[in-house]
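**Student:** Here it is, the structure, as structure tokens.
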Amino acid sequence: SPAARVAPGADPAVREIAMRALDAAKLAGASYPDVGISRNRNQARATRERQITNLADTETYGFGVRVLANGAWGFAASRELSLDEAAVVARQAVAQAKANASAQLRPVALAPVEKYPDATWSSPVEIDPFDVAIEDKVALMLAASDAALRVQGARFVNMNMFFLREEKTFASTEGTFTHQTIYRSFPRMTITAVGNNEFQTLTSTDVQPMGLGYEHVRDSRFLENAPRWAETAVKKLTAKPVQPGRYDLVLLPSHLWLTIHESIAHPTELDRILGFEANFAGTSFISPVERFLGRFRYGPEIMNIQGERSSRGGLSTVGWDDEGVKPEDYLIVKNGVLNDLQTTHEQAPMLADWYRQQGRPVRSHGNSYAESWSEVQFQRMPNVNLLPHPERDVSLDELVSDVKDGILIDGDGSFSIDQQRYNAQFGGQAYYEIKNGKVGGMLKDVAYQMRTPEFWNAMDGIGGRSTYFAGGSFFDGKGQPQQVNAVSHRCVPTRHRKINVINTGRRA
């Protein structure tokens with residue numbers, strides 16, 4: 001994982017503003033203040049066939065002050081970075097906290113944290129995407145689109161590139177001062193094929209967003225891969241409609257990451273479980289906590305789900321979270337049983353009894369995040385991964401070989417999930433029939449229905465380390481007002497027995 005570097009860190013003027021805000025908040029009556037100063041630059045490039053459809057480049061710079069006063073939170077922010085404004089905003093945050101205290105049910109308690117007084121971290125970037133000329137990016141996009149359009153039947157090609165560079169400084173009165181530079185890159189191509197009185201689309205799902213620089217675009221080899229993606233899109237036009245029924249499913253990581261995201265990562269967010277968060281598909285079926293932690297069988301013993309923010313290129317990978325906590329790797333599901341939950345500085349004490357029973361320290365897992373300086377930080381998921389087979393390197397061919405009547409699914413597609421993330425339905429990009437241990441022709445109009453615990457307990461095979469692959473979401477929404485973060489889900493192919501499959505193309 002990328003190592004943190006101990007260094008002077010942020011610009012001295014930024015440090016001075018942060019210290020002024022902390023001092024002013026303490027003088028105004030805060031028992032705990034922290035300050036986040038960030039400069040976020042976002043870039044989007046889009047083409048359709050041989051035309052440029054979007055060139056956007058935005059930047060925002062400012063600071064936010066969060067405080068505890070009388071046991072309640074307050075927050076205020078400003079885009080004016082000056083010493084006087086830092087003091088004004090800090091006092092506003094304290095005044096808000098004192099007003100909020102009148103409605104609190106119990107005072108906020110914070111978990112112990114380690115101090116990091118002068119430390120910096122940066123994503124492991126080879127090429128800063130913002131140093132690459134617009135002309136070079138667009139030239140690649142148009143050339144790759146031309147390569148796809150040369151395949152007969154491929155009619156439309158949309159290509160996008162999204163980039164983020166976030167320079168983030170954090171300081172608190174607990175003795176931490178960190179400065180981080182975070183990069184994310186997401187190139188994507190969608191091809192539409194037309195024929196047989198219908199159209200079919202395919203997205204380059206084997207290229208996923210990553211916490212890397214422009215080298216990720218280079219290494220994705222769009223020019224070379226575009227014809228292959230186009231040929232697959234065209235083949236979907238003559239694919240056989242699936243017959244509804246129960247099938248054994250072999251799910252590739254390019255598809256499975258989204259199922260993990262929706263049915264494991266979101267429902268193990270502690271704020272959803274406790275009912276503090278209900279936006280974007282509700283709360284969680286994992287409630288009350290004491291009935292599930294250490295007891296609930298999520299899946300078979302080969303199933304281990306890891307939360308981490310340390311993997312190279314992970315979208316949620318950082319040196320410290322937005323509360324100055326150094327994240328740790330931990331098992332959310334261990335040998336198939338729910339073992340832990342996603343927590344923040346404030347949330348960890350809510351599980352204090354459980355942690356003490358297990359002989360674990362009451363400590364935040366470092367899962368706090370704010371989209372920008374103007375947003376208050378709250379619990380956001382880390383990279384949530386399905387770890388490879390714990391004993392041996394199981395190949396995809398081995399998973400397929402034991403399937404008599406099944407379907408292989410590649411790529412993520414449309415989905416729906418209920419308000420407790422218990423019942424769901426998932427589609428994909430490309431589907432292939434499996435007969436007697438062999439992958440055959442393409443299918444279409446495939447979606448499977450699931451209940452979360454039944455689906456994961458129907459998993460009887462997972463891939464080994466050589467099949468490990470990182471998928472992820474560049475735009476994952478949560479909260480009200482909404483905030484967007486990015487998160488990776490590394491996983492292996494899996495095999496699930498007798499899952500209900502429907503035909504999405506049939507009319508009633």
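**Student:** Going by alpha carbons, how many degrees (0 to 90, nearest 10) lie between the helix axis of 83-101 and the longest principal axis of the chain?
**Tutor:** The helix 83-101 is inclined about 80 degrees to the chain.
**Student:** First select every other residue whose beta carbon is under 14 angstrom from the beta carbon of E114; then total the charges, Lys and Arg +1, Asp and Glu -1.
**Tutor:** -2
**Student:** A further question follows. Where a ≥ b ≥ c are the square roots of the eigenvalues of the C-alpha gyration tensor, would you call the chain rounded, which needs a/c under 1.5, or, failing that, prolate if a/b is larger than b/c, or oblate?
**Tutor:** Numbers: a/c = 2.21, a/b = 1.43, b/c = 1.54.
Because a/c hits 1.5 or more and a/b fails to exceed b/c, the chain counts as oblate.
**Student:** If R0 is 41 Å, what FRET efficiency do you get for Q104 and R465 from their C-beta distance, rounded to 0.05?
**Tutor:** Details: r = 48 Å, r/R0 = 1.17.
E(calc), rounded to 0.05, equals 0.30.
**Student:** Return the lysines within reach of K115: Cα separation strictly under 24 angstrom, same-chain partners fewer than 8 residues apart disregarded; answer none if there are no such residues.
**Tutor:** K26, K168, K326
**Student:** So if R0 is 25 Å, what FRET efficiency would A133 and V484 give, r being the distance between their Cβ atoms, rounded to the nearest 0.05?
**Tutor:** Working: r = 27 Å, r/R0 = 1.09.
After rounding, the FRET efficiency stands at 0.40.
**Student:** Right, another one. Counting heavy atoms of the protein chains only and a 1.4 Å probe, report the per residue accessible area for the chain as a whole number of Å².
**Tutor:** 41 Å²
**Student:** Identify the trypsin sites (Lys or Arg not before Pro) of the stretch 237-332 meeting these criteria: DSSP loop state and at most 14 other C-beta atoms within 10 Å of the C-beta.
**Tutor:** On the way: sites: R246, R272, R291, R295, R297, R309, R312; in loops: R295, R309, R312.
Of the trypsin sites (Lys or Arg not before Pro), the ones in loops of the stretch 237-332 whose Cβ has at most 14 other Cβ atoms within 10 Å are R295, R312.
**Student:** Just reorder T176, T201 by solvent-accessible area, largest first, 1.4 Å probe, all chains present. Write out the running numbers ahead of the final one.
**Tutor:** Details: T176 5, T201 55 Å².
The most accessible residue leads, giving T201, T176.
**Student:** Next question. Please say if the stretch 293-349 is rounded, prolate or oblate, where rounded means a/c under 1.5 for a ≥ b ≥ c the square roots of the C-alpha gyration tensor eigenvalues, and otherwise the choice is prolate for a/b larger than b/c and oblate otherwise?
**Tutor:** Taking the square roots of the gyration eigenvalues as a ≥ b ≥ c, the stretch 293-349 is oblate.
**Student:** Once the whole set of protein chains is in place, how much accessible area is left on D353, using a 1.4 Å probe, in Å² to the nearest 10?
**Tutor:** Around 110 Å² of this residue is reachable by solvent.
**Student:** Now for a separate question. Going from most exposed to least, what order do R356, R421, R221 have by accessible area with a 1.4 Å probe?
**Tutor:** Working: R356 160, R421 5, R221 125 Å².
Sorted by accessible area, descending: R356, R221, R421.
**Student:** In square angstrom, rounded to the nearest 10, how much accessible surface does S414 have for a 1.4 Å probe?
**Tutor:** Accessible area, nearest 10 Å²: 90 Å².
**Student:** Enumerate by residue number the GluC sites (Glu not before Pro) in the stretch 287-393 meeting two conditions: DSSP loop (anything except H, G, I, E, B), and at most 11 other Cβ atoms within 10 Å of the site's Cβ. Walk me through the numbers on the way to the answer.
**Tutor:** Working: sites: E290, E301, E308, E323, E328, E346, E371, E375, E391; in loops: E301, E323, E328, E346, E371, E375, E391.
For GluC sites (Glu not before Pro) across the stretch 287-393 that sit outside H, G, I, E and B with at most 11 neighbouring Cβ atoms in 10 Å, the list reads E301, E391.
**Student:** Using a ≥ b ≥ c from the Cα gyration tensor of the stretch 163-239 (square roots of the eigenvalues), is it rounded, prolate or oblate, where a/c under 1.5 gives rounded and otherwise the larger of a/b and b/c decides, a/b for prolate?
**Tutor:** Working: a/c = 5.59, a/b = 3.19, b/c = 1.76.
Because a/c hits 1.5 or more and a/b exceeds b/c, the stretch 163-239 counts as prolate.
**Student:** So, one more: Give the carbon-plus-sulfur fraction of the accessible surface of the chain in %, rounded to a whole number; probe 1.4 Å, heavy atoms of protein chains only. If you can, show how the numbers build up before the last one.
**Tutor:** Numbers: 9960 of 20690 Å².
Result for the chain: 48 percent of the exposed heavy-atom area is carbon or sulfur.
**Student:** Here is a further query. Can you give the three extents of the C-alpha atoms in the stretch 242-373 along their principal axes, from longest to shortest, in whole Å?
**Tutor:** Ordered largest first, the stretch 242-373 gives principal extents of 52, 34, 29 Å.
**Student:** Starting from one equal scatterer on each C-alpha and no solvent at all, send me the Debye-based log10 I(q)/I(0) for the stretch 110-218 at q = 0.22, 0.23 Å⁻¹, two decimals.
**Tutor:** Listed by q, the Debye log ratios stand at -1.13, -1.18.
**Student:** So for H179, H365, what's the accessible-area order with a 1.4 Å probe, most first?
**Tutor:** H179, H365
**Student:** How much net charge surrounds H266 when only other residues with a Cβ under 10 Å from its Cβ are counted (Lys, Arg +1; Asp, Glu -1)? It would help to have the intermediate numbers written out before the result.
**Tutor:** Values: positive: R272, R421, K478; negative: E262, E269, E277, D476.
Net charge in that neighbourhood comes out at -1.
**Student:** Would you work out the Kirkwood radius for the stretch 344-420? I mean one over the mean of 1/r across all pairs of different Cα atoms, in Å. Present the calculation step by step, with values, prior to reporting the outcome.
**Tutor:** Details: mean 1/r = 0.0569 Å⁻¹.
Taking the inverse mean of 1/r over all distinct Cα pairs, the stretch 344-420 comes out at 17.6 Å.
**Student:** Taking 27 Å as the cut-off for C-alpha to C-alpha distance, list the pairs among K444/K478; K240/K438; K235/K478; K137/K235; K236/K404; K236/K478 that go past it. Write down the numbers at each step before the final one.
**Tutor:** Numbers: K444/K478 32 Å; K240/K438 17 Å; K235/K478 37 Å; K137/K235 29 Å; K236/K404 23 Å; K236/K478 34 Å.
Violating the 27 Å limit, Cα to Cα: K444/K478; K235/K478; K137/K235; K236/K478.
**Student:** Subtract the Cα-Cα distance of N54 and A278 from 0.36 nm times their separation in residues, and report this length gain in nm to one decimal. Walk me through the numbers before you get to the answer.
**Tutor:** Numbers: separation 224, 0.36 × 224 = 80.64 nm, distance 3.36 nm.
Going from the current span to full extension adds 77.3 nm.
**Student:** At 222 nm, what helix-only mean residue ellipticity would the chain give, in deg cm²/dmol to the nearest 500, using -39500 (n - 2.57) for each DSSP H run of four or more? Could the numbers behind the result be given before it?
**Tutor:** Details: 10 runs with 101 residues, N = 508.
Theoretical 222 nm ellipticity from helices: -6000 deg cm²/dmol.
**Student:** Using only the Cα atoms of the stretch 217-269, what are the Rg and Dmax in Å?
**Tutor:** 16.2, 42
**Student:** Continuing with this model, one more query. Using a Förster radius of 30 Å, what is the FRET efficiency between D418 and W354 based on their Cβ-Cβ separation? Nearest 0.05, please.
**Tutor:** Details: r = 27 Å, r/R0 = 0.89.
About 0.65, to the nearest 0.05.
**Student:** For the stretch 377-447, what percent of Cα pairs sit more than 17 Å apart? Working shown, then result.
**Tutor:** Numbers: 1590 of 2485 pairs.
Distances greater than 17 Å cover 64 percent of the Cα pairs.
**Student:** Can you give the angle from 0 to 90° between the axis of helix 134-149 and the longest principal axis of the chain, with both taken from C-alpha atoms, to the nearest 10?
**Tutor:** Once rounded, one gets 20 degrees.
**Student:** What does the charge count around A486 come to, taking other residues whose C-beta lies under 11 Å from its C-beta (Lys +1, Arg +1, Asp -1, Glu -1)? If you can, show how the numbers build up before the last one.
**Tutor:** Values: positive: R184, R380; negative: E166, E371, D476.
With Lys, Arg at +1 and Asp, Glu at -1, the neighbours total -1.
The values are calculated or read from the model by the stated rules, or taken from the named source; none is laboratory data. Keep in mind the model is a prediction, meaning the values are calculated, not measured. Note that each Cβ is placed from the backbone with ideal geometry, even for glycine, and that neighbours are counted across all protein chains shown. Side chains included, ligands, DNA and RNA excluded: accessible areas come from the protein's heavy atoms. Shrake-Rupley method; radii C 1.70, N 1.55, O 1.52, S 1.80 Å.
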